[in-house]
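**Q** Structure incoming, see below.
The values are calculated or read from the model by the stated rules, or taken from the named source; none is laboratory data. Just so we're clear, the structure is a prediction, and the values are computed from it rather than from any experiment. Neighbour counts are summed over all protein chains in view; Cβ atoms, including those assigned to glycine, are modelled from backbone coordinates with ideal geometry. Just the protein is used for accessible areas: all its heavy atoms, side chains included, with ligands, DNA and RNA removed. Shrake-Rupley method; radii C 1.70, N 1.55, O 1.52, S 1.80 Å.
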Amino acid sequence: SSVSGTVLSIEEKIHPSSGLKRDAIVIESDNKDKWIDRKKINDISDFKKDELLQIIRESGLVGLGGAAFPTHVKLSPKNKIDTLILNGCECEPYITSDHRLMVEEGEKIVKGAEIFAKILDAENVLVAIEDNKPDAILTIDNIIKDYDLKNFKVLKTETKYPHGFEKTLIFLATGREVPLVIENRAGLPADVGVVVQNVGTAKAAYDAVYEGKPIIDRVITVTGDVKEPKNLLVRI
């Protein structure tokens, strides 16, 4: 929950995204933001892959690129993964939340990517950023150099729609084409040895593992016909 307080009921409510009725927990906030005790760590080297995966699962982390697919499932592929791609390409021209996140929270994003790479045993980590974000490219590249991460690399891409689309980005970065159908099911990035995670998801993984913070907020862009367009960190 993104508030502390008292559970009043569990009842059906209209889901804001699907419009369908779903079970919901109704909580009366006490306005205290009183947290449970959180375990903070400084280093993941002593943690096993399964332990990191469990933390991510229990934090409720889902993909923040839009699909909201459970992150622990995506980090448990059956195939061998050799490449992790961090998607820093905005999916739409007016969205800038990932851009600001890379500039302001770049270190957490890189450390989140390290968590993913350890769980997946990925040998290569590519951080894909469009060339209209030079400050983000410079920030992430400098962090990679500062930490001397030999298997990390910034991939500067052309600013072109739909480079933020997972399968397009995989082909652009590796030349591998995700099959449309394989073994009577839709093809997945893991079928070509790749996992793609959004930069916001990586930052949230850092929060979960290092700070003991579940996924209760995210950065969003508010833009269009509004008085003051901006990026906001909002509670979920």
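**Q** Restrict the check to segment 226-236 and report whether at least one residue is under 17 Å from PRO77 (Cα atoms) and either at pLDDT below 95 or open to solvent by less than 40 Å² (accessible area, probe 1.4 Å) (or both).
**A** no
**Q** In this structure, does ASP131 turn out to be open to solvent by 60 Å² or more (accessible area, probe 1.4 Å), farther than 21 Å from PRO70 by Cβ and either in contact with a His (Cβ under 8 Å, 6 or more places away or on another chain) or without any contact (Cβ under 8 Å) to a residue 12 or more places away in the chain (or both)?
**A** Details: open to solvent by 60 Å² or more (accessible area, probe 1.4 Å): yes; farther than 21 Å from PRO70 by Cβ: yes; either in contact with a His (Cβ under 8 Å, 6 or more places away or on another chain) or without any contact (Cβ under 8 Å) to a residue 12 or more places away in the chain (or both): no.
So ASP131 does not fit the description; no.
**Q** Can you go through LEU20, LEU52 and tell me which one is modelled with pLDDT of 95 or more and surrounded by 11 or more Cβ atoms within 10 Å (Cβ to Cβ)?
**A** LEU52
**Q** Let me ask something additional. Restricting attention to segment 104-120, does a residue exist that is open to solvent by less than 40 Å² (accessible area, probe 1.4 Å), of a type outside the set (D, E, K, R) and more than 22 Å from PHE47 (Cβ to Cβ)?
**A** So far as segment 104-120 goes, yes, one or more of its residues are open to solvent by less than 40 Å² (accessible area, probe 1.4 Å), of a type outside the set (D, E, K, R) and more than 22 Å from PHE47 (Cβ to Cβ).
**Q** Continuing with this model, one more query. Restricting the search to segment 23-46, which residues are open to solvent by less than 100 Å² (accessible area, probe 1.4 Å) and without any contact (Cβ under 8 Å) to a residue 24 or more places away in the chain?
**A** If the condition is that a residue be open to solvent by less than 100 Å² (accessible area, probe 1.4 Å) and without any contact (Cβ under 8 Å) to a residue 24 or more places away in the chain, then ALA24, VAL26, ASP43, SER45 are the ones that fit.
**Q** Which numbered condition trips up LEU138, out of (1) in contact (Cβ under 8 Å) with a residue 12 or more places away in the chain; (2) part of a helix (DSSP H, G or I); (3) surrounded by fewer than 20 Cβ atoms within 10 Å (Cβ to Cβ)?
**A** So LEU138 meets the others, but not (1).
**Q** Report, by residue number, each residue of segment 79-96 that is within 30 Å of ASP121 (Cβ to Cβ) and either of a type in the set (Lys, Arg) or surrounded by fewer than 20 Cβ atoms within 10 Å (Cβ to Cβ) (or both). Steps first, please.
**A** Applying the first criterion (within 30 Å of ASP121 (Cβ to Cβ)) to segment 79-96 yields 79-91.
If the condition is that a residue be within 30 Å of ASP121 (Cβ to Cβ) and either of a type in the set (Lys, Arg) or surrounded by fewer than 20 Cβ atoms within 10 Å (Cβ to Cβ) (or both), then ASN79, LYS80, ASP82, CYS91 are the ones that fit.
**Q** Ok, one more. Counting only residues that are touching a helix residue (DSSP H, G or I) at 6+ places or on another chain (Cβ under 6 Å) and within 26 Å of GLY212 (Cβ to Cβ), give me the strands (runs of 3 or more DSSP E) lying completely in segment 1-101 with at least 1 of them. Show your work before the answer.
**A** Values: elements: 5-14, 21-29, 83-87.
Qualifying strands (runs of 3 or more DSSP E): 83-87.
**Q** Could you grab the pairs with beta carbons closer than 9 Å, sequence gap of 6+ or different chains, first residue in segment 66-87 and on the phi > 0 side of the Ramachandran plot, second one in a loop (DSSP other than H, G, I, E, B) and open to solvent by 50 Å² or more (accessible area, probe 1.4 Å)?
**A** GLY66/CYS91; ALA68/SER17
**Q** What's the number of the condition ALA122 fails, among (1) in contact with a strand residue (DSSP E or B) (Cβ under 6 Å, 6 or more places away or on another chain); (2) part of a strand (DSSP E or B)?
**A** Result: ALA122 fails condition (2) only.
**Q** While we're looking at this one, here's another question. Filter segment 157-209 for residues that are hydrophobic (A, V, I, L, M, F, W, C), assigned to a helix (DSSP H, G or I) and over 28 Å from LEU52 (Cβ atoms); which is least open to solvent (accessible area, probe 1.4 Å)?
**A** LEU172
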